[in-house]
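Undergrad: Dropping the structure in here first, questions after.
The values are calculated or read from the model by the stated rules, or taken from the named source; none is laboratory data. Predicted, not measured: the structure shown is a model, and the values here were computed from it. Note: ideal-geometry Cβ built from the backbone for every residue, glycine included; neighbour counts use all protein chains shown.
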Amino acid sequence: MEAKPTSVSRTIMTEIIFPLDTNYHGTVFGGKIMEYVDKISTIASMRHCRFPVVTASSDSLDFLAPVLLGEAIQLEAFVSWTHRSSMEVYVRVEAENLLTGEKRTTATSYLTFVALGSDGRPTAVPGVIPETDREKRLYESAPARYEARKIRKASRELESY
């Protein structure tokens, strides 16, 4: 299976934050950001592998700054690394004040998706070819995150007994 450039999976989503999207602080609900992150990650991972996918883990969602009522929110997602049937997806969330043009990173996230074959079981996915310096850094640091996920999953399995 031939590896694919990161640009194949790159997905951009832009929304405006309305009153129903906000909490009593006038900032977007964290759960709304989580919804957007999961949706865009699903699209990016399916663009990469061209199979149905399921979310295997949400490794992190780090909120760095609030998103305010009336601001635009832009999410960028791409597959940063793969392993047999799994794909790590990196998501960056940016807010924009539409009146001033000021932009700021408000959240970052790593999720893992698994591709499913026609039998509903995990299936092999193509590798990733990072193209930019940022993508290369994420790609090079991905095996450490993969190992951390394995350790975390194993410890959770032990907790359930």
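Undergrad: State yes or no: is Thr22 at pLDDT 95 or above, among the β-branched types (Val, Ile, Thr) and farther than 23 Å from Pro5 by Cβ?
TA: Answer is yes for this residue.
Undergrad: Here's a follow-up. Are any of the residues in region 55-75 at pLDDT 95 or above, surrounded by 17 or more Cβ atoms within 10 Å (Cβ to Cβ), polar (S, T, N, Q) and closer than 21 Å to Val128 by Cβ?
TA: no
Undergrad: Oh, and also: List, please: which pairs have Cβ atoms under 7 Å, are six or more places apart or on different chains, and start with a residue in region 38-53 that is outside any helix (DSSP H, G or I) and at pLDDT 95 or above and end with one that is among the small types (Gly, Ala, Ser) and surrounded by fewer than 19 Cβ atoms within 10 Å (Cβ to Cβ)?
TA: Phe51/Gly117
Undergrad: Go through region 93-149 residue by residue and tally those that are in contact with a helix residue (DSSP H, G or I) (Cβ under 8 Å, 6 or more places away or on another chain), among the aliphatic types (A, V, I, L, M) and buried (at least 20 other Cβ atoms within 10 Å of the Cβ).
TA: 6
Undergrad: Looking at (1) part of a loop (DSSP other than H, G, I, E, B); (2) farther than 25 Å from Glu131 by Cβ; (3) touching a strand residue (DSSP E or B) at 6+ places or on another chain (Cβ under 9 Å); (4) of a type outside the set (Asp, Glu), which one does Ile33 not meet, given that it meets all the others?
TA: With (1) part of a loop (DSSP other than H, G, I, E, B); (2) farther than 25 Å from Glu131 by Cβ; (3) touching a strand residue (DSSP E or B) at 6+ places or on another chain (Cβ under 9 Å); (4) of a type outside the set (Asp, Glu) applied to Ile33, the lone miss is (1).
Undergrad: So which residues in region 115-137 are part of a helix (DSSP H, G or I) and either closer than 14 Å to His83 by Cβ or without any contact (Cβ under 8 Å) to a residue 24 or more places away in the chain (or both)?
TA: Passing the criteria: Asp133, Arg134, Lys136, Arg137.
Undergrad: What tally of residues in region 1-52 results from selecting those that are of a type in the set (S, T, N, Q), buried (at least 17 other Cβ atoms within 10 Å of the Cβ) and either closer than 16 Å to Phe63 by Cα or out of contact with any Phe, Trp or Tyr (no Cβ under 6 Å at 6 or more places or on another chain) (or both)?
TA: Of the residues in region 1-52, 5 are of a type in the set (S, T, N, Q), buried (at least 17 other Cβ atoms within 10 Å of the Cβ) and either closer than 16 Å to Phe63 by Cα or out of contact with any Phe, Trp or Tyr (no Cβ under 6 Å at 6 or more places or on another chain) (or both).
Undergrad: Continuing with this model, one more query. Can you tell me which residues in region 66-124 are hydroxyl-bearing (Ser, Thr, Tyr), over 30 Å from Gly26 (Cβ atoms) and in contact with a Leu (Cβ under 9 Å, 6 or more places away or on another chain)?
TA: Ser80, Ser85, Thr123
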